[in-house]
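Any read-out appearing in this document is the output of simple, stated calculations on the displayed coordinates, not a laboratory observation. As the structure is a prediction and not an experimental result, all values here were calculated from the model. Every residue, glycine as well, gets a Cβ built from its backbone with ideal geometry; the counts of neighbours run over all protein chains shown.
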Amino acid sequence: MGKLYVVATPIGNLKDITFRALEVLKSVDVIAAEDTRHIQKLLNHYGIYGKKLISYHDYNEEEKSEKLIEILKIQDVALVSDAGTPCISDPGYRIVKKARENNIEVVPIPGAFAGAVALSVSGLPSDKFLFVGFLPNKETEREENLKHYIDIGFTFILYESPKRVLKTLKTLEKVDPLADVVVAKELTKIHESFFTGKPENIIKFFEENPDKLKGEFVILVHPNKEKVVDMNLILTEAKQLKNHGMKTKEISSLLSQKYKVSKKEIYKKILNL
C-alpha cells in the first residue's frame, strides 16, 4: 500500500520549498499536479526527472481521484497544486477524502500558504482570523458574504484575481468604509508589493495606477467596530457649513475626520441633497 503525500510548493520564489518536500518529490514515482507544466518547471529547477505526472484539477477531480486510488494501492503519490498548499482554495480534498476512506495513509508536507504569509506581515490583528478565499461573483452575494465576515469581527483573508480586485474593494467600501485593509500583490515574487489603508484610499490608488492591477492578490480586512454615526446628523451639519459658503469637498474632508466616516460617502450624500 502506498502513501499520499500532500506537498506544499512555493507560491512564487522557487527557493521557498522545504528539504522534506524535495525529498518526497524525488522519492515518489507519481505526482498528481493541478498543472503538469507548472510543476515540471519546479522539478527541472531542482534536477528531478523521470516522474510520471498526472493532471488533477477542478474539472477532472472526480474521475482522476478514482485512478489515483488504484495507483496508491501500489505506489506512493505526491499531490501538489500550482502554488502553496493543496486543498486550500485549490483541488485536492476529494482524493484526500477517498484515500482515508480506503485506509491509505495521508502525509502532510507543510510549506507556504499565501494567506498566512500575507497575514504575518500585514500588521493587522492575527490572534483570531478567518480564511475566506474567493468571494462569489455576483455583487449581491459578495456583499452579503462581506457583511457576514465583518459582523464576526475577526481579520479575514480573501484571494482575488486582478480583474476583480477593484470590484471587491468597492463592495467592501460600501459595507465597511472604515475597515483596515492590506492588499498584498505577487507575494515572494520580484514585484511583491503591499498597499495599506481604508478601502477608499486603496481604490483611488488602483484607479490612478491601473498598471498595478496585475498578478495574484491577497486582501486582508480587519473590520471597524466603532459605533455607526447617524448620517442624518452629519448631513444636517453639512447643510449648515454649506450655507456658510464652505465648498462640498472641504465639508466632506472636515466631517470625515470628525465622524470617522468615508469622505467619499459624505461627498456623495451632499451631492444628492
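Data table
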| item | result |
| --- | --- |
| Cβ-Cβ FRET estimate between residue 55 and residue 147, R0 fixed at 41 Å, reported to 0.05 | 0.60 |
| Semi-axes of the equivalent ellipsoid for the range 234-273, Cα gyration tensor, largest first, Å | 14, 11, 9 |
| Subset of 15/98; 198/268; 64/185; 214/247; 214/264 violating a 29 Å alpha-carbon distance limit | 15/98; 64/185; 214/247 |
| The range 87-135 versus the range 1-58: alpha-carbon centroid distance in Å | 17 |
| Relative contact order of the range 231-271, defined on C-alpha pairs under 8 angstrom at six or more residues apart (%) | 39 |
| Length gained when the stretch residue 209-residue 106 is fully extended (0.36 nm per residue, less Cα-Cα span) | 32.5 nm |
| Sum of -39500 (n - 2.57) over DSSP H runs of 4+, divided by residues of the chain (222 nm, nearest 500) | -12500 deg cm²/dmol |
| Total formal charge among the other residues, if their Cβ is under 15 angstrom from that of residue 123, Lys/Arg +1 and Asp/Glu -1 | -1 |
| Zone residues, the range 93-133, relative to residue 48, backbone N less than 17 Å from point 7 Å out along Cα-to-Cβ | 107-113 |
| Whichever aspartates and glutamates have a C-alpha closer than 19 Å to that of residue 239, once near sequence neighbours (fewer than 8 apart) are set aside | 230, 250, 265 |
| Entries of 212/263; 204/242; 128/174; 174/258; 249/269 with Cα pairs more than 22 Å apart | 212/263; 204/242; 128/174 |
| C-alpha long axis of helix 165-175 to longest principal axis of the chain, angle in ° | 50 |
